[in-house]
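Worksheet: the structure to be examined is printed underneath.
The values are calculated or read from the model by the stated rules, or taken from the named source; none is laboratory data. Note that the coordinates shown come from a computational prediction; the quantities given were computed from them, not determined experimentally. Cβ sites come from the backbone with ideal geometry, for glycine too, and all protein chains shown count toward neighbours. Surface areas here come from the heavy atoms of the whole protein model, side chains and all, with no ligands, DNA or RNA. Shrake-Rupley method; radii C 1.70, N 1.55, O 1.52, S 1.80 Å.
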Amino acid sequence: MSAKVQVQTTINNEPVEFLCEPRQSLLECLRDIVGLTGTKEGCGDGNCGSCTVKLGDRIVTSCLVLGVEAAGESITTVEGLAHGSTLHPLQKAFLDHAALQCGICTPGFLIAADALLQKHPHPTEEQTRFWLSNNLCRCTGYDKIIRAVQAAAIEINGAAQ
Amino acid sequence: MDNFEYANPSTVKEALSLLTAGAEVLAGGTDLLSLLKDEVHKPKRLVNIKNIKALGGISKAGNNIRIGATVTLDELASSQLIRAAYPSLVQAALGITSPQIRNMGTVAGDLCQRPRCWYFRSGNGLLNKSLVENGENKYHAIFGTGSAQFVSASSLGPALMALGATVKIAGADGKTKDVPVAQFFKAPSAEGEREIALAANEIVTDILVPAPATKNATYEVRHKQALDWPLATASVALRMSGTKVTSASITLGHVGPTPVRATEAEKMLVGQTITADSAEKAGAAAVAGAKPLSQNAYKVQLAKVAVKRALLTAAGVKAV
């Protein structure tokens, strides 16, 4: 057994240090070591997107990243979206549009949708669906999620010109 | 999963010295972590090459465009240099329809990923011909070679092969070598042999794509638009004189253990204008030698149509 490795990183704008084995995924480190259980494990294989977090400025499936790879990086998880008790407009839109039922996929959708709105302030339905195609939801049938994301786009960026 | 050592070198030289017996290269990790979780690969050490600056970036290099090994699929598809000259590569990269995977997966990783064959992934070996022939083989090869009935999972390989690209490899002895993409992929004949021409102690450093004198395109036939591997693809590169083809390069993907060059179809198109008719005939020629398994004859038709549509797309002829 190899020794544990100390990882210095930034999570949701806070410096964080944790100790992990090289084999532990970033997802495992976030949930079981750092205690940020907002990020969920679905398939563990990169297919379902429920573990999506932002690593630097890129969204990744944290089940396919090693915890040790997060050294020196800046990570954003769903816990970093709200400002205190004020929900992020995407979170509010998901509630308003009933874009979740069981909620397991929601943190991944929120992080992925946040990255979408940064790249495309006014995404079309097609852009939204393609962007979220690596995020699976088994409850909603997606329509409510797409409508919530588009409503949040208007809330954040104003109506499209 | 057993634990392993993690190394994070900053130079190619250091990385090569760490690639001793039982060590493996970690780049995007999208395939490797799956293989580790399934215990198909059990490395003693992972050597992360993502922090080696020399392996990144896309730039002009003489008559070539140089693509660094660790360039992500998203960087590739977003690059102005690539978009201007190689729609074929952009189409192939965007066929990996997941922003997350395109942000993680690398160009060299796409070439080096292991096959998706479910018998291989469940620990039954890569060359288990009787399991494949008598079992579930609807996604397997229609151009199998001996016991190799799996399909190469690479999306960029067929496009790079049609474009005449070269893979640059650095070896443990400090020497580098250039391997044409067409020779980089191999159909192994014995278990344990690699399906790529890269030894365990070597690293892909760059991909060199020749200057674009071609009209090129990739067409993928897929079961669904969202994240999945294609069922059959075709990548083409055409040199033209006016409306006439002076030379054609056609490579099929996801139909054999390596990308499959369609030489007969290539010859047939020389001197021709690309029309729905000539493109369809080239498609038929491309699949003439197919040997489908019990459940995948449907892929012959898909590959044929992929060739036709890739040719029409490259030539800018409206598909019918």
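Output the residues belonging to the stretch B:245-273 that are open to solvent by 10 Å² or more (accessible area, probe 1.4 Å), assigned to a strand (DSSP E or B) and farther than 18 Å from residue B:89 by Cβ.
B:246, B:247, B:260, B:273
So which pairs qualify, if the first residue must be in the stretch B:89-104 and farther than 13 Å from residue A:46 by Cα and within 12 Å of another protein chain (Cβ to nearest Cβ), the second must be in a helix (DSSP H, G or I) and of a type outside the set (Gly, Ala, Ser), the Cβ gap must be under 9 Å, and the two must be at least 6 apart or on different chains?
Listed by first residue and then by second, the contacts come to B:94/B:73; B:94/B:102.
Return the residue satisfying two criteria in turn: it lies in the stretch A:128-142 and is part of a helix (DSSP H, G or I) and open to solvent by 70 Å² or more (accessible area, probe 1.4 Å), and of such residues it is nearest to residue B:74 (Cα to Cα).
A:130
Checking residue A:113 against (1) closer than 22 Å to residue B:38 by Cα; (2) within 12 Å of the chain's Cα centre (by Cα); (3) surrounded by 24 or more Cβ atoms within 10 Å (Cβ to Cβ), which single condition isn't satisfied?
Only one criterion in (1) closer than 22 Å to residue B:38 by Cα; (2) within 12 Å of the chain's Cα centre (by Cα); (3) surrounded by 24 or more Cβ atoms within 10 Å (Cβ to Cβ) is unmet by residue A:113, namely (1).
Looking at the stretch B:226-234, is at least one residue open to solvent by 20 Å² or more (accessible area, probe 1.4 Å), small (Gly, Ala, Ser) and part of a strand (DSSP E or B)?
No: zero hits.
Identify all residues within the stretch B:223-253 that are away from every other protein chain (no Cβ under 14 Å), at pLDDT below 95 and closer than 27 Å to residue B:101 by Cβ; write none if there are none.
Those that are away from every other protein chain (no Cβ under 14 Å), at pLDDT below 95 and closer than 27 Å to residue B:101 by Cβ: none in the stretch B:223-253.
Going residue by residue through the stretch B:113-120, is there one that turns out to be open to solvent by 10 Å² or more (accessible area, probe 1.4 Å), modelled with pLDDT of 95 or more and farther than 18 Å from residue B:195 by Cβ?
Scanning the stretch B:113-120, I find no residue that is open to solvent by 10 Å² or more (accessible area, probe 1.4 Å), modelled with pLDDT of 95 or more and farther than 18 Å from residue B:195 by Cβ, so the answer is no.
Only one of (1) of a type in the set (S, T, N, Q); (2) within 25 Å of residue A:112 (Cα to Cα); (3) within 14 Å of chain A (Cβ to nearest Cβ) fails for residue B:122. Which number is that?
So the condition that residue B:122 fails would be (2).
Condition check: touching a Lys or Arg at 6+ places or on another chain (Cβ under 7 Å), farther than 22 Å from residue A:58 by Cβ and away from every other protein chain (no Cβ under 14 Å). Does residue A:98 satisfy that?
yes
Find the residue count for the stretch A:89-105, including only residues that are under 13 Å from the mean Cα position of the chain (by Cα) and either open to solvent by less than 10 Å² (accessible area, probe 1.4 Å) or in contact (Cβ under 8 Å) with a residue 60 or more places away in the chain (or both).
So the answer is 3.
Based on what the data block shows, is residue A:158 under 21 Å from residue B:28 (Cβ atoms) and not hydrophobic (A, V, I, L, M, F, W, C)?
It is false that residue A:158 is under 21 Å from residue B:28 (Cβ atoms) and not hydrophobic (A, V, I, L, M, F, W, C).
Looking at the stretch B:5-17, can you tell me whether even one residue there is touching a Pro at 6+ places or on another chain (Cβ under 6 Å), assigned to a helix (DSSP H, G or I), surrounded by 14 or more Cβ atoms within 10 Å (Cβ to Cβ) and away from chain A (no Cβ under 11 Å)?
Yes, some residue in the stretch B:5-17 is touching a Pro at 6+ places or on another chain (Cβ under 6 Å), assigned to a helix (DSSP H, G or I), surrounded by 14 or more Cβ atoms within 10 Å (Cβ to Cβ) and away from chain A (no Cβ under 11 Å).
Which members of the stretch B:140-191 meet the condition of being open to solvent by less than 30 Å² (accessible area, probe 1.4 Å), touching an Asp or Glu at 6+ places or on another chain (Cβ under 8 Å) and outside any loop (DSSP other than H, G, I, E, B)?
Those that are open to solvent by less than 30 Å² (accessible area, probe 1.4 Å), touching an Asp or Glu at 6+ places or on another chain (Cβ under 8 Å) and outside any loop (DSSP other than H, G, I, E, B): B:148, B:156, B:157, B:167, B:169, B:170, B:185.
I'd like the full set of residues that are out of contact with any Phe, Trp or Tyr (no Cβ under 9 Å at 6 or more places or on another chain), open to solvent by 40 Å² or more (accessible area, probe 1.4 Å) and touching a residue at least 60 places away in the same chain (Cβ under 8 Å), limited to the stretch B:274-294.
Selection gives B:294 alone.
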